[in-house]
Every structure is written in C-alpha cells, then in structure tokens.
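Notes for the one structure printed next.
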Amino acid sequence: MNLEDSYAGNGARLDANKRKRGRNQLLVTSKDSYMSAEDAMQEIFTRKRARGAAFREAKMADYRDRHGLTFSECEEYGFADAELRQKINDGEIKGGFAGKDMSFPIWSPESVKDAWMSVGRSDQPTKKVQEQIIRLARKHNWTNGLPKSVLDRIKKGGSGLPD
C-alpha cells in the first residue's frame, strides 16, 4: 500500500508537493559540496529541526520568567499553565476563567488579549466566551487588553460584542 492509496482525493496535492521537492533539489549544485540532492534536503530539515528546538527553548524561558515556574515544572507541564490555573481557581491570583472547565484563564491585560485572540479556536460558543472575557476585563480593570474595536463599541454604550 502506498501513500496515494490512503490519501483522500485525487492525489493532485501529493503530485504538487513532489514537483516542489524536485525543484528544490535542482537548486543544489555541485558547488554546494553535497554528495546528492537528498543530502542537501536532509541538511535543510536538520536546520529546521534545530530552529524548532531553539524556539521551544526560548518559549520555555519566556514562560518560566512570566509565570515563575521552574525549568523542571515547565518540562513536566509541557508548557501547560496548570499551576497558574490552579492558583486562579483557588483565589491566590486575581482573575478568572472565561470558558468552561478552567479554559481561557484571565489574570492580566495581556491574558485578556490572548484569550480574545484564541476564542475562535475553541469548540465553546464564541459569543458566550467573549461576554465572559469582557466581564472579567471590566471587573478587574483590564480593559486595555481588549481590542480597540471592542473598546469603541463599549464607549458607544454597547456590550462590546461584535454585531
């Protein structure tokens, strides 16, 4: 069984990707000191993996600094903010949750912005989550984390929700 047997569709996308890989391999010349185009592609993917690892390490350092987590805790939680969510839930940190099951944690103006930007990726009702984000932002005076369009609608006397 090959990939085309399990691929839904007519295989046009697979063919397009194969042509694109072929064009990239043709860019490698003998001056590049590679034994073959496959070796060049292997080096490209190795560099890409290295960039991904560097990004993950930078993300971990940022997370550790912002939330006061230790390096091992960051690794243990897999960048999850379980400890932060628990502190919000216990009342140690002011804030709350805009979604069900401790989702969309709000603890600062920055988290208001992050929650607003990620509403569409959830399977929860968008309007309900947006209402809760606005409610928490108003309650804790973190409205500067809301988008300008929402703030404009609030100033006009509306709820702030998109029409």
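Hey, could you check region 79-97 for residues that are among the acidic types (D, E) and over 15 Å from the mean Cα position of the chain (by Cα) and say which is surrounded by the fewest Cβ atoms within 10 Å (Cβ to Cβ)?
First, the residues of region 79-97 that are among the acidic types (D, E): 81, 83, 90, 92.
Among the residues that remain, those that are also over 15 Å from the mean Cα position of the chain (by Cα) are: 83, 90, 92.
Numbers: E83: 14, D90: 8, E92: 10.
This residue is D90.
Select from region 51-97 the residues that are among the basic types (K, R) and at pLDDT 85 or above and list them in ascending order. Before you say what the answer is, go through the steps one by one.
Within region 51-97, the subset among the basic types (K, R) is 51, 56, 59, 64, 66, 85, 87, 94.
The answer is R51, K94.
Of all residues in region 98-115, count the ones that are open to solvent by 40 Å² or more (accessible area, probe 1.4 Å) and either within 17 Å of the chain's Cα centre (by Cα) or within 19 Å of G160 (Cβ to Cβ) (or both).
Residues of region 98-115 open to solvent by 40 Å² or more (accessible area, probe 1.4 Å): 100-102, 107, 109-110, 113-114.
Narrowing further to those that are either within 17 Å of the chain's Cα centre (by Cα) or within 19 Å of G160 (Cβ to Cβ) (or both): 109-110, 113-114.
Of the residues in that region, 4 qualify.
If you go through region 145-163 one residue at a time, how many are surrounded by fewer than 12 Cβ atoms within 10 Å (Cβ to Cβ) and either of a type in the set (S, T, N, Q) or within 22 Å of the chain's Cα centre (by Cα) (or both)?
The qualifying residues number 2.
Which one is nearest to the chain's Cα centre (by Cα), of the residues in region 116-144 that are hydrophobic (A, V, I, L, M, F, W, C) and part of a helix (DSSP H, G or I)?
Ranking the candidates gives M117 first.
Pairs, please: C-beta under 9 Å, at least 6 apart or cross-chain, first residue free of Cβ contacts under 8 Å to residues at least 60 places away in the same chain and in region 144-163, second of a type in the set (D, E, K, R) and assigned to a loop (DSSP other than H, G, I, E, B)?
Matching pairs, first to second residue: R153/D163.
The values are calculated or read from the model by the stated rules, or taken from the named source; none is laboratory data. Quick caveat, the model's predicted, so the values are computed rather than measured. Heads up, the Cβs are rebuilt from the backbone with ideal geometry, glycines too, and the neighbour counts pull from every protein chain shown. What goes into the accessible areas is simple: the full protein's heavy atoms, side chains included, and nothing from ligands, DNA or RNA. Shrake-Rupley method; radii C 1.70, N 1.55, O 1.52, S 1.80 Å.
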